[in-house]
Amino acid sequence: MIKKKIMIVEDEGLIAADLDQQLTAMGYDVFAIAYSGEEAVEKARESYPDLILMDIVLAGKMDGIQAAEKIEKIADIPIVYLTAYSDEKTLGRAKISGHSGYVLKPVNKQQLLVTIEMALHQHGIELNLKENHTRIFKSLKGMIEAIAETVELRGPYTAGHHERIAKLATAISREMGLTDFQVEGIDLASRIYDIGMINIPYGILREGERLEGNELAIYQAYPETAFNILKKIECVWPLSYIVRQHRECFDGSGFPRGIKREDILIEARILAVAHTLEDLTSRNSFRNAIPINEALEEISSHSGTKYDPEAVAACLKLFREKGYKMEG
């Protein structure tokens, strides 16, 4: 059986040596000892241990909690804290950092063993869940991409339309600080948002913004049609609702239901901005493409009316400050 690699972070040499002996006797591989938070971060970056035993109070500019926060940005490593302080303030800071448990000093061998084994076990479960989640996402994305290609063949769009929207929508989402889970949902919804158009006659699709009367009513029903299709799919992301709401407007003037502001999912509000920008900058059957700067001005002019102001601001920042470019 492969021994689990543990790194000890402890600035007192005698305590570090004692922990080394205890952990080795328990059957772990103590492959490194760090004596400061800064050293712990560097060693974690170099060698990725299976677990870190981290003293909270360390000499130097960085304490154990600060070091743990930096390590968490480098790699997914469970961290067990060592502390002589069990006050609410210290343990409260430790809890916020997402630790995998703590052991009080002076260290009780049995408590140390149980806490480490629990941390390793829990981390293993979390890794399996993440792997399963990734497989589900990739499988669903592949299916949706195939559907998107089919929709593009009969729609008024150029090739790669859904891919460009997905990339922009996810970039806006990350700029706004949405969770990875939300970003995944937006990615998927962006690729299948117009599946409801499969029921619309091609002649109506080609007319686009020039529609009126009954033909306009038929066209504006596509988000509801998409919702009715997608709601039958059991899915952890709210794809059907994102798709249903992506043509709603921030001020309530959109369709199909005329809802507004926070009643519209944030994912749908972001998709609305990404979809419009791609639409404006792409040539289609009813309008020539316009330059990106004009398209950004158009979206900016409707911030707070058609579009969520925060989504618009994030989009403008991507293009004007961070050099984002539409592909294709």
Margin query: Can you confirm whether ILE270 is crowded, with 20+ Cβ neighbours inside 10 Å, β-branched (Val, Ile, Thr), in contact with an Asp or Glu (Cβ under 8 Å, 6 or more places away or on another chain) and assigned by TED's automatic domain parsing to the domain that holds ILE172?
Written below: yes
Checklist line | Yes/no for ILE198 being more than 27 Å from ALA314 (Cβ to Cβ), touching a residue at least 40 places away in the same chain (Cβ under 8 Å) and not charged (D, E, K, R) | finding: yes
Note to self: For the list (1) among the basic types (Lys, Arg); (2) closer than 24 Å to ILE144 by Cβ; (3) touching a strand residue (DSSP E or B) at 6+ places or on another chain (Cβ under 9 Å), I need the number of the one condition that ARG206 fails.
What the structure shows: (2)
Next item on the list: With the checklist (1) loosely packed, with under 15 Cβ neighbours inside 10 Å; (2) outside the structural domain of HIS161 (by TED's automatic domain parsing); (3) of a type outside the set (Val, Ile, Thr) in hand, flag the one item MET326 doesn't pass.
Entry: (1)
Next item on the list: With the condition kept exactly as written, say whether any residue in segment 93-112 is surrounded by 14 or more Cβ atoms within 10 Å (Cβ to Cβ), in contact with a Gly (Cβ under 7 Å, 6 or more places away or on another chain), at pLDDT 90 or above and outside any loop (DSSP other than H, G, I, E, B).
Entry: no
Next item on the list: Return the residue satisfying two criteria in turn: it lies in segment 182-206 and is touching a Leu at 6+ places or on another chain (Cβ under 8 Å) and at pLDDT below 85, and of such residues it is farthest from ILE242 (Cα to Cα).
Entry: ILE204
Notebook entry, point to check: Of the residues that sit in segment 152-169 and are surrounded by fewer than 20 Cβ atoms within 10 Å (Cβ to Cβ) and outside any loop (DSSP other than H, G, I, E, B), which one is modelled with the lowest pLDDT?
Noted result: ARG154
Item checked: Candidate set from segment 263-312 (those that are closer than 25 Å to ILE195 by Cα and of a type in the set (Ser, Thr, Tyr)); member that is farthest from the chain's Cα centre (by Cα) -> SER285
Notebook entry, point to check: Which of the residues that make up segment 192-235 are in contact with a helix residue (DSSP H, G or I) (Cβ under 9 Å, 6 or more places away or on another chain), exposed (fewer than 14 other Cβ atoms within 10 Å of the Cβ) and within 16 Å of ARG257 (Cβ to Cβ)?
Noted result: ASN228
Checklist line | Positions within segment 202-239 being assigned to a loop (DSSP other than H, G, I, E, B) and touching a residue at least 12 places away in the same chain (Cβ under 8 Å), in sequence order | finding: ALA221, CYS235, VAL236, TRP237, PRO238
Notebook entry, point to check: Pick from segment 279-316 the residues that are under 24 Å from GLY252 (Cβ atoms) and of a type in the set (Asp, Glu): which of them is surrounded by the most Cβ atoms within 10 Å (Cβ to Cβ)?
Noted result: ASP308
Item checked: Considering residues of segment 114-126 that are buried (at least 17 other Cβ atoms within 10 Å of the Cβ) and over 27 Å from the mean Cα position of the chain (by Cα) only, the residue nearest to GLN21 (Cα to Cα) -> ILE116
Notebook entry, point to check: Which one is farthest from the chain's Cα centre (by Cα) among residues in segment 240-262 that are surrounded by fewer than 18 Cβ atoms within 10 Å (Cβ to Cβ) and assigned to a helix (DSSP H, G or I)?
Noted result: ARG261
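The values are calculated or read from the model by the stated rules, or taken from the named source; none is laboratory data. All of these numbers come straight from a predicted model, not from anything done at the bench. Note: ideal-geometry Cβ built from the backbone for every residue, glycine included; neighbour counts use all protein chains shown.
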